[in-house]
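What follows is a single structure, written as structure tokens, with notes after it.
The values are calculated or read from the model by the stated rules, or taken from the named source; none is laboratory data. In this text, all values refer to a predicted model and were calculated from it rather than measured experimentally. For neighbour counting, all protein chains shown are included, and Cβ atoms are generated from backbone atoms with ideal geometry for every residue, glycine included.
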Amino acid sequence: MADDRKFAGFVCTGCGIGERLDAGQLEMTAKRDGKMTTCQQHEMLCSEAGVQMIRDTIDNEGATNIMIAACSRRAKVEAFNFTDVAMSRANLREGVIWSRPDTDENRETTQEMADDYIRMACAEVKFMTKPNISGEQELNKNILVVGGGVTGMTAALETAAAGFPVHLVEKTGELGGWAAKWHKRIPGRAAADGVANGTNVDLPMPQDNDIGDMIAAVEGNDMITVHLNSTLTKTSGAPGRFSAEITTESGSTATENFGAIVQASGWKEFDASAIPALGSSNADVVSNVELEALAKAAGDGPIKRPSDGKEVKSVVFVQNAGQASTAEGHLPYHSGIGDLIAIKQAMYFKAQNGKDCDTTILFGNLRTPGAAGEDFYRSGQQQMVIFSKGQVNEVSSSGSGASVSFRDLILDEDVSLDADLVVLDLGMVPNSGPDPYAANESQEGMSDEEKDAADAAAEIAIPADSILALDYRQGSDLPQLKWGFTDSHFICFPYETRRTGIYAAGPVRRPMDIKQAQDDATGAAMKAIQAAVNAGQGAAAHPRVGDLSYPSFRKEGCTQCKRCTVECPFGAINEDEERYPVFNESRCRRCGTCMGACPVRVISFENYSIDSVGQQIKNVEVPDEFEEKPRILVLACENDAYPALDQAAMSGQEISPWARVIPVRCLGSVSLSWITDSMNNGYDGIVMMGCQRGDDFQCHFVRGSTMAAERMAKVGDTLSTLNLEPERVVVHEVAITDIERAPRLIKEMEEVVEKVGMSPFKF
């Protein structure tokens, strides 16, 4: 440890802390046990005067490492924003006084909690250094947008409006994507307030397609460079310094550099041949996409059927065709907007083929999301569109036209309906490129040598159907969740993917209409700008926005096991020629998963390390067995579990006085050494709280919770060798909303300890 460091502690007595706790004792604990050079009290540390006191200590007394004992580290982050020092925080408000009853009989244990949190924070800051930028950072304001449909054009226009130049890559010869093929749009408004049902009311109607105006705006914007008939043939680098080879259809290639990327590659129509029972081979059975072409060709005139050019007098819309089905080859999901499209298209016939055109929509469950929503359905009713709840079994040829056989779900009887034209609601399939993890699945059963050879081949070969053509070790395209949609944390971080600086937007992320895609594109564009700016500052993008630290390792201790490389969720670690890890600072999300994966403990961050947490564990005062005061270590995910505990305290819920909570960046960062050290130091139980894991992940770091659970599954063997019960260590999935459950899980461990007894290592 450096000799020129100076440690300073600060204890807040506001928010009831000074009334519930002996602040003088806390100050003494910081100096005596925590080895703080100085320690000062203030009645409101987050006030202007309190913050100035801290600033003066840093500027005038040379403090390099400071400990702030006040409220939760999640609170007052702007007030306590001291970026020029290493800083730790002891949670005395939410973590102690708000979580314990204010009674005389609890005063002793409450003070003990506070003293321990002081010791823990002091121990943590001793093993921290001020994070410094790596020198790798580079600000490149150019943003790459892949896809020239509505989503891509919106992202380009919004980015350009923010002052960031854009390169827009479109594989076809024109902009507009699917929207350029539409006759009209789904309306983007609801009815005015108070509009009732009726035949002469102002309900939303299909809108004129204004895609031409958007195309003109893109083509006329000096900040946007459009590459038509072009694809990406190789993309490398990281946020702030992406390099992309843009290759035209003729074979010429230009290399451009970018700060961030937005993937707006859109969707493909579901293949109707997978549902032959619905008459896809019949010329008068068309998809909803094909109908748009028929309507557009007709202009304002009547729509005619493909087989013989006859004006359509009757049309049946078959909704949810091949969707939300477990049948092989069908889509297991529902595209969501198909019913809105059907209503829009039904109105085409009423407007162009006459009010007497029989127009029937057969549906199982009618969904009308979006701005127009229910009012658009009402508008369809007003136009005398027939809505019938039925399960379609077959579409067959019937002379001229087609016959639809279905089960009427209202009358509970089989019905057959003849029509001049049948329109199938086919689902939206994401145009996301190959799944990079499919290759990993194909490697099951291979030897390590065979896997290495396969990985090497994969690094060289970029699939022909790749969208982004990434030269990442982890694959050429974005990881996918269910059903081929690109990875996106849909609750907390929409647009985010597992490739830092690359953002997904529009139907490649989930099915959506034009208005939803435009909103989505705006959000993705703003995230891309944020990523580029953060990269220029050497800061993390999310969720630890602004964090300047990044992983480093001791080469002399590395065993080249590749666990860090493989387990990094974000492709931030490659390997050099000697097979040692190479950490990419601007791809890194600072989750610490690599640190938790390392079996020899050589990976760390300047402000988060094996020692910074390990020393917190060791500096808790563990009473002996006869005091009957157990100690329960709680390792809580800082993104969900820790705020849940904070909110529990804020709502007046009691938290066990035996618990000592340490926030961790992710359960994936938890080192097995912390578990063994805790048990060896006399802790009676360990509760780990992480995010939801699985395919529908809620973990902010994708697989952190999953990997922690896998590692902890082996802890039982370690405990057995120590003659300890395996139930002393548990892993729970905790959401940020689990404000009642989180304290209860700690209470349950308290009951386990009471049942199995105190740790024998207390002796």
Only residues that are in contact (Cβ under 8 Å) with a residue 24 or more places away in the chain and either within 24 Å of Ile502 (Cα to Cα) or of a type in the set (Gly, Ala, Ser) (or both): list them for segment 540-562, please. Ala540, Ala541, His542, Pro543, Arg544, Asp547, Leu548, Ser549, Tyr550, Pro551, Ser552, Gly557
Considering only residues that are closer than 29 Å to Gly757 by Cα and part of a loop (DSSP other than H, G, I, E, B), look in segment 663-714 and name the one that is nearest to the chain's Cα centre (by Cα). Val670
Residue count for segment 561-606, restricted to those that are within 24 Å of the chain's Cα centre (by Cα) and either over 17 Å from Asp471 (Cα atoms) or of a type outside the set (Ser, Thr, Tyr) (or both): 26
Quick one: in segment 352-371, of everything that is touching a residue at least 60 places away in the same chain (Cβ under 8 Å) and either hydroxyl-bearing (Ser, Thr, Tyr) or out of contact with any Gly (no Cβ under 7 Å at 6 or more places or on another chain) (or both), which residue is surrounded by the fewest Cβ atoms within 10 Å (Cβ to Cβ)? Asp358
Residue match in segment 492-502 (condition: crowded, with 24+ Cβ neighbours inside 10 Å, assigned to a strand (DSSP E or B) and at pLDDT below 90): no
Which of the residues spanning segment 515-535 are surrounded by fewer than 24 Cβ atoms within 10 Å (Cβ to Cβ) and under 20 Å from Trp182 (Cα atoms)? Lys515, Gln516, Gln518, Asp519
Identify all residues within segment 29-53 that are under 40 Å from the mean Cα position of the chain (by Cα) and either in a helix (DSSP H, G or I) or buried (at least 16 other Cβ atoms within 10 Å of the Cβ) (or both); write none if there are none. Ala30, Gly34, Met36, His42, Leu45, Cys46, Glu48, Ala49, Gly50, Val51, Gln52, Met53
From the list Pro430, Pro463, Pro434, which residue is out of contact with any helix residue (DSSP H, G or I) (no Cβ under 9 Å at 6 or more places or on another chain), within 23 Å of Ser273 (Cβ to Cβ) and at pLDDT 85 or above? Pro434
Would you check if Gly329 is surrounded by fewer than 17 Cβ atoms within 10 Å (Cβ to Cβ) and touching a helix residue (DSSP H, G or I) at 6+ places or on another chain (Cβ under 8 Å)? yes
Taking segment 580-601 as the region of interest, how many residues are of a type in the set (A, V, I, L, M) and touching an Asp or Glu at 6+ places or on another chain (Cβ under 8 Å)? 2
Looking at segment 468-478, which of its residues are closer than 19 Å to Gly266 by Cβ and surrounded by fewer than 24 Cβ atoms within 10 Å (Cβ to Cβ)? Ala469
Can you name every residue in segment 252-271 that is surrounded by fewer than 20 Cβ atoms within 10 Å (Cβ to Cβ) and not hydroxyl-bearing (Ser, Thr, Tyr)? Ala254, Glu256, Asn257, Lys268, Glu269, Asp271
Checking Ser252 against (1) in the same structural domain as Gln345 (by TED's automatic domain parsing); (2) more than 36 Å from the chain's Cα centre (by Cα); (3) polar (S, T, N, Q), which test does it fail? (1)
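In this structure, does Asn91 turn out to be assigned by TED's automatic domain parsing to the domain that holds Glu27, at pLDDT below 95, among the polar types (S, T, N, Q) and within 20 Å of Glu43 (Cα to Cα)?
Numbers: assigned by TED's automatic domain parsing to the domain that holds Glu27: yes; at pLDDT below 95: no; among the polar types (S, T, N, Q): yes; within 20 Å of Glu43 (Cα to Cα): yes.
Answer is no for this residue.
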Condition first: touching a residue at least 60 places away in the same chain (Cβ under 8 Å), touching a strand residue (DSSP E or B) at 6+ places or on another chain (Cβ under 8 Å), surrounded by fewer than 24 Cβ atoms within 10 Å (Cβ to Cβ) and among the aromatic types (Phe, Trp, Tyr). Can you find one or more residues in segment 676-688 that meet it? no
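Quick one: would you say Asp646 is under 16 Å from Gly690 (Cα atoms) and of a type in the set (Asp, Glu)? Spell out the reasoning first.
Working: under 16 Å from Gly690 (Cα atoms): yes; of a type in the set (Asp, Glu): yes.
Criteria met by Asp646.
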